[in-house]
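Encoded as structure tokens, the structure appears first; notes follow it.
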Amino acid sequence: MSLKGKAALVGVAESDLGEVGPGLTPLDLIGQATLRTLDEAGLEKGDVDGLFSSSAYYHMPTLSVGEYLGIRPRYSDGTSMGGSSFVSHLFHAAAAIDAGLCEVALIAYGSTQRSGGGRLVSASEASPYEAPYRPRYPVSMYALATSRHMHEYGTTREQLAEVAVAAREWAKLNPKAFVRDNLTVEDVLNSRMVSSPLSVLDCCLVTDGGAAAVVTSAERARQLKKPPVYLLGAGEAHWHRNISQMPDLTTTAATESAPQAYEMAGVDPKDVDVVMLYDAFTINTVMLLEDLGFCEKGEGGAFVSGGRISPSGELAVNTSGGGLSYNHPGMYGLLLIVEAVRQLRGEGGERQVEGAETALVHGNGGVFSSQVTAVLGTESTI
Amino acid sequence: MKELREESAPNETYTRYLGEGKLVFQHCTGCGRAVFYPRVLCPYCGSPSLEWRESSGRGAVYAATAIYHRDREPHNVALVDLDEGFRMMSRVEGIAAEEVEIGTRVYFEAREEEGGPVAVFVTEEG
């Protein structure tokens with residue numbers, strides 16, 4: 001079944017971001033983002049009949065979100081596979097809309113993890129086969145993958161630092177980015193080691209934040225306020241939950257999700273104008289660019305070097321500043337979609353990628369576990 | 001390899017052997033692959049015919065990280081590939097956390113810890 005052009009994003013919004021203070025709850029942030037996104041779309045709350053959410057705070061997220069917002073959906077999806085969940089929600093929403101199971105889908109997320117203590121709030125259970133060794137979840141798992149990528153392909157800490165520096169260069173162009181001061185490769189290399197070979201500046205931020213997105217049928221989308229951003233293709237795959245069960249630490253299930261998405265969309269990596277990929281750690285950008293087909297396996301380190309993915313480079317990657325420098329409220333996947341939509345509408349301001357018509361959104365969840373790819377496009381792409 | 005006794009709960013069986021100083025894994029009689037962590041079916045071929053085997057305890061470090069602390073020395077976490085063809089998370093003892101290298105040959109030892117028996121590894125020379 002092809003979903004190409006069947007559904008479109010008609011509203012995207014962030015809640016307040018960064019550090020919102022101790023009073024607000026994750027549901028308050030979801031409420032803020034929902035008000036903003038419905039207003040942008042020109043829709044009423046009562047129009048929403050499909051609800052999608054995932055959370056580290058709410059065990060039954062769509063129930064909590066539905067209750068708070070006063071939405072009674074006829075289609076509800078709390079797919080939970082980490083930070084990629086929201087890209088999966090977009091995929092599932094398009095399928096549900098195409099099947100006539102709902103018409104206006106709201107995807108919502110919120111977290112107050114920074115104001116709530118500054119640590120990652122995680123509902124992750126400990127594996128009895130991993131917990132005794134006290135890995136620091138999730139950074140140590142990504143560090144293990146990094147160690148292997150370095151061993152097999154000669155990837156260096158300098159190359160990883162290039163990812164952090166490029167993200168920061170983009171963040172400098174985004175007024176909503178949490179950190180916008182200057183960053184050099186040396187700064188990253190000299191920063192405090194957390195779980196070798198990853199130092200603190202190889203790791204994403206810990207911020208508050210939330211977002212909401214509205215998806216509807218292509219027909220209805222054309223009647224609304226904003227130019228529709230269409231889902232052209234999507235794919236999802238997962239092979240493991242625990243890092244000790246990942247078959248090959250240098251290759252993710254994005255090698256399956258991305259070809260599915262490209263095939264449905266009828267595009268190749270060379271057609272993509274903006275790449276929004278989940279950069280929980282610098283290694284993510286390196287490995288995912290390989291697995292998404294932008295370079296060969298093992299060449300990710302060289303690929304990101306020399307500023308290739310910075311604002312002055314050849315490929316626009318994580319134009320918001322990413323999880324590394326923009327915001328990372330526990331699970332970041334929905335914010336990837338927000339930025340991709342803005343770029344395709346030409347609303348990127350200083351960081352706008354000129355003439356962007358096709359964007360790739362790639363969510364990663366767990367410990368390189370779940371991989372969800374979506375290709376988005378403007379009216380001209382369908 | 002010596003036949004080991006059957007038990008019903010995979011994790012309990014594994015832990016009991018570990019308490020006796022033995023590292024065990026499951027061998028799938030359906031597809032011949034080594035299975036770890038213990039389960040009630042083979043994740044590769046779906047067969048329920050898994051038999052317990054004792055590992056030689058010899059393997060090599062597949063991936064490694066040193067985890068840093070503000071108030072004490074770093075500790076190491078490694079993924080170890082056992083010679084029988086299964087991988088597990090563990091730690092390598094007897095060497096500084098930062099010096100554990102991928103490819104290093106290691107050997108299993110059991111440790112008794114607060115939460116129960118734990119499988120660790122030491123370098124083969126060590």
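Cβ separations smaller than 9 Å between residues 6+ apart or across chains give the following pairs from region A:121-143 residues that are over 21 Å from A:H328 (Cα atoms) and more than 7 Å from chain B (Cβ to nearest Cβ) to residues that are modelled with pLDDT of 95 or more and crowded, with 23+ Cβ neighbours inside 10 Å: A:S127/A:S244; A:S127/B:M89.
Can you give me the ranges of the strands (runs of 3 or more DSSP E) entirely in region B:41-126 with at least 2 residues that are out of contact with any Pro (no Cβ under 8 Å at 6 or more places or on another chain) and under 25 Å from A:V200 (Cα atoms)? Let's see the steps before the verdict.
Working: elements: B:50-54, B:58-67, B:75-82, B:87-90, B:105-113, B:116-123.
Answer list for region B:41-126: B:58-67, B:75-82.
Annotation note: of A:Y109, A:Y68, the sole residue that is more than 14 Å from chain B (Cβ to nearest Cβ) and over 16 Å from the mean Cα position of the chain (by Cα) is A:Y68. Checked against (1) surrounded by fewer than 24 Cβ atoms within 10 Å (Cβ to Cβ); (2) outside any loop (DSSP other than H, G, I, E, B); (3) out of contact with any Leu (no Cβ under 7 Å at 6 or more places or on another chain), A:A166 passes all but condition (1).
For region B:48-65, give me each residue that is over 16 Å from A:I243 (Cα atoms) and in contact with a strand residue (DSSP E or B) (Cβ under 8 Å, 6 or more places away or on another chain).
Taking region B:48-65 first, the residues over 16 Å from A:I243 (Cα atoms) are B:48-60.
The answer is B:S49, B:L50, B:E51, B:W52, B:R53, B:E54, B:S55, B:S56, B:G57, B:R58, B:G59, B:A60.
Here B:D83 meets each of (1) modelled with pLDDT under 95; (2) away from every other protein chain (no Cβ under 12 Å) with one exception, condition (1).
In the set (1) without any contact (Cβ under 8 Å) to a residue 60 or more places away in the chain; (2) farther than 25 Å from A:T156 by Cβ; (3) away from every other protein chain (no Cβ under 14 Å), the condition left unmet by A:Q245 is number (3). Just one of the listed residues (B:Y68, B:Y14) is among the aromatic types (F, W, Y), at negative phi, under 12 Å from the mean Cα position of the chain (by Cα) and buried (at least 16 other Cβ atoms within 10 Å of the Cβ), namely B:Y14.
Regarding B:H27, is this residue of a type outside the set (D, E) and without any contact (Cβ under 8 Å) to a residue 24 or more places away in the chain? For B:H27, the condition - of a type outside the set (D, E) and without any contact (Cβ under 8 Å) to a residue 24 or more places away in the chain - is not met.
The residues of region B:19-35 that are within 14 Å of chain A (Cβ to nearest Cβ), surrounded by fewer than 21 Cβ atoms within 10 Å (Cβ to Cβ) and in a loop (DSSP other than H, G, I, E, B) amount to a single one, B:R33.
Looking across region B:63-72, just one residue is touching a helix residue (DSSP H, G or I) at 6+ places or on another chain (Cβ under 7 Å) and not hydrophobic (A, V, I, L, M, F, W, C), and that is B:T65. Any residue in region A:144-155 that is at the interface with chain B (Cβ under 9 Å from one of its Cβ atoms), among the small types (G, A, S) and in a loop (DSSP other than H, G, I, E, B)? No; the residues of region A:144-155 include none that is at the interface with chain B (Cβ under 9 Å from one of its Cβ atoms), among the small types (G, A, S) and in a loop (DSSP other than H, G, I, E, B).
The values are calculated or read from the model by the stated rules, or taken from the named source; none is laboratory data. Computed from a predicted structure; not experimentally measured. Ideal geometry is used to build each Cβ from the backbone, glycine not excepted, and the neighbour counts take in all protein chains shown.
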